[in-house]
Each structure stands twice: as structure tokens, then as C-alpha cells.
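Take a look at the structure below.
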Amino acid sequence: MAKSKYSVDCFQALSDPNRREILMMLTKEKQNINAIADNFNISRPAVSKHIKVLYDSGFITITTQGRERYCELQQQGFDELKEWISFFETYWTKQLKQLEVFLKNRHAKK
């Protein structure tokens, strides 16, 4: 598996429920940081820190429109996550196939 080009590990970014909730919110539409913060009972600086972690891990982009900063989902963080999961999916598929062959050979010998 390739090393991430982002400064924050994708699993570290997803470890916090607030960050996962921000990602879910952004599946509906891009939102400005203040609108995101309005959905949480934590300080705006805390929300900004969560957004920075998501940005640093490649899950979101931040664009400036006038005086507002908007967050939008970005594919790269999800690609890193998918690559990691795919590695283990391939591993387990291979292990189960070997077990299937073993059991068939064992059954055939009886």
C-alpha cells in the first residue's frame, strides 16, 4: 500500500464522530464553515480544527467565495480509505478460497 501524501491519516480523521458528521452533512451540499458550526454544540474554533483535520487528510476542499469559506467533499481521502480496505478484502478473499480448496480436498479424500 502506498504511503499517504496527506499530513493526517485517513483513519485518524474519521476517528472523531464530529468529523464523520461533518462529512455526512457535506454529502447533501457544500456548506460554509459557519453553517457547519451551527449544527454542533462546540465552539467555532473547535469546528474549525475538525475541518482542518478533514482538509489535511484529503476528505474535503475549502474554497473562498467573497468573505465565506466553503467546504466540499473531495475524493482523495476516500480513495486512500478504499485502497486500505481493498487490500484486506483481497487478503481475506484469498484466505477463504484457500480454505475452500482445503475443505474440498479433505472431503474428497474421505
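Assess whether residue 51 counts as being open to solvent by less than 60 Å² (accessible area, probe 1.4 Å) and either modelled with pLDDT of 95 or more or not small (Gly, Ala, Ser) (or both).
Considered against the rule, which asks whether it is open to solvent by less than 60 Å² (accessible area, probe 1.4 Å) and either modelled with pLDDT of 95 or more or not small (Gly, Ala, Ser) (or both), residue 51 comes out as yes.
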Single residue of segment 69-78 satisfying the filter (at pLDDT 95 or above and farther than 11 Å from residue 23 by Cα) that is surrounded by the fewest Cβ atoms within 10 Å (Cβ to Cβ): 69
Members of segment 6-18 found to be at pLDDT 95 or above, part of a loop (DSSP other than H, G, I, E, B) and of a type outside the set (Gly, Ala, Ser), listed by number: 16
Count of residues meeting criterion [under 15 Å from residue 71 (Cα atoms) and either open to solvent by less than 70 Å² (accessible area, probe 1.4 Å) or outside any helix (DSSP H, G or I) (or both)] in segment 19-48: 19
Residues satisfying the stated conditions in segment 80-110, i.e. open to solvent by 70 Å² or more (accessible area, probe 1.4 Å) and within 20 Å of the chain's Cα centre (by Cα): 82, 83, 84, 85, 87, 88, 89, 90
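The values are calculated or read from the model by the stated rules, or taken from the named source; none is laboratory data. Please read these numbers as outputs of a predicted model, since none were measured by experiment. Positions of Cβ are backbone-derived with ideal geometry, glycine not excepted, and every protein chain shown enters the neighbour counts. Quick note on the areas: whole protein, heavy atoms, side chains included, nothing else; ligands and nucleic acids left out. Shrake-Rupley method; radii C 1.70, N 1.55, O 1.52, S 1.80 Å.
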